[in-house]
1. Probe radius 1.4 Å, ligands and nucleic acids left out: which of His39, His173 has the largest accessible area, and how do the rest follow?
2. Per residue of the range 9-20, in order, report the coupling 6.51 cos²θ - 1.76 cosθ + 1.60 (Karplus, θ = phi - 60°) as ³J(HN,Hα) in whole Hz, putting x for Gly and Pro.
3. If DNA, RNA and ligands are ignored and the probe is 1.4 Å, what is the ranking of His110, His87 by accessible area, most exposed first?
4. Using a 1.4 Å probe, what is the accessible area per residue for the chain, in Å²?
5. With every protein chain kept in the model, how would you rank Met186, Met162 by accessible area, 1.4 Å probe, largest at the top?
6. Tell me which residues come under 5 Å, amide H to amide H, from His173 once H is placed; ignore anything under 5 positions away on its chain.
7. Skipping prolines and chain starts, which residues have an amide H placed within reach, meaning under 5 Å, of the one on Arg5, given they are 5 or more residues away or on another chain?
8. Tell me, what % of the accessible area of the chain is carbon and sulfur with a 1.4 angstrom probe?
Amino acid sequence: MTLQRCDTIESIRGAVRAARAAGRTIGIVPTMGNLHAGHASLIDASVGDGHFTVVTIFVNPTQFGPTEDLAAYPRTGEADLALCEAHGAAAAFMPAVEAMYPPGARTSIHVAALTEGLCGASRPGHFDGVCTVVAKLFNIVGPDAAYFGQKDAQQAIVLRRMAKDLDFPIALHVCPTVREADGLAMSSRNQYLTADQRRQATALHGALRLAAERIARGSTGAAALEAAMREHLAAHAPDGTVDYIALVNPEDLTCVQDVNGPVLIALAVKVGRARLIDNLMVDPRDRL
Ligand code: PAF
């Protein structure tokens, strides 16, 4: 099927209406473009579930802080459309900023507590921007299912809460992180790295694996695990600046002191211009 490119809210609503009239269910893959294999896996999941798949491509200004990389964020529209088409997406929604945020817009969505720690602590307002744009995209497209990546674990947890609290009748799917051969999680921000920084960036996954292996061998103290991860990063990514390393409960993102159930190990490290995040879900009951 040929990909339909829709630049206006009216045109994507028309495409979705026609698909529903033809008996299709609708899947949405919200993105900020610069699509890579991680995004492709989300499109594959939606297409594989049989949905008329809408990929939204919108660099959302409200989720960037004043000193963040909004202006520099890579915009690769034509290549993005080719990837959408190659993976069987039915429509790409690429609205203008003015269409999404017309003058006078005053509403934003805040999910309390879950947005305070981890990335929320160093990116104030970020999740309000994410929640507001995703709620708008849900209302514009009206999907049955939505697909997000586990790499943005906190985002997925916050959006699941938002969808439940606001009664969006949408099944949220969180798909596994796609990694480069050396373990680095795929991210649009990886292209900001120099060759040397790129090598150092593999230490994020290395630190996560180190903690996961220790937990599998019986370590339970979060403080010691965090310290070991910090040491690993200092040794293997000397140019990195740790924003946070955290072991949290994957349900409510509260800090874990003793690992005796499923735990989300998450970290954010600034390497050069790139702020990189990654995480692993670990269950100590899966012993080595
Ligand atoms: O994960 C992203 O790319 C963005 O945060 C999202 C969900 C598309 C909202 O702009």
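The values are calculated or read from the model by the stated rules, or taken from the named source; none is laboratory data. Worth saying up front: this structure is predicted, and the values here are computed from it rather than measured. Cβ sites come from the backbone with ideal geometry, for glycine too, and all protein chains shown count toward neighbours. Quick note on the areas: whole protein, heavy atoms, side chains included, nothing else; ligands and nucleic acids left out. Shrake-Rupley method; radii C 1.70, N 1.55, O 1.52, S 1.80 Å.
1. His173, His39
2. Ordered by residue, 3J(HN,Hα) equals 4, 4, 5, 5, 4, x, 5, 5, 4, 5, 5, 5 Hz.
3. Values: His110 115, His87 60 Å².
Largest to smallest exposure gives the sequence His110, His87.
4. On the way: 13060 Å² over 288 residues.
So the chain comes to 45 Å² accessible per residue, rounded to a whole number.
5. Result of the area sort, largest leading: Met186, Met162.
6. When sequence neighbours closer than 5 places are left aside, the close amide H contacts are Ala146, Tyr147, Phe148.
7. Amide H to amide H, under 5 Å and 5 or more residues apart or across chains, Arg5 pairs with Ala92.
8. Values: 6890 of 13060 Å².
Here it works out to 53 percent.
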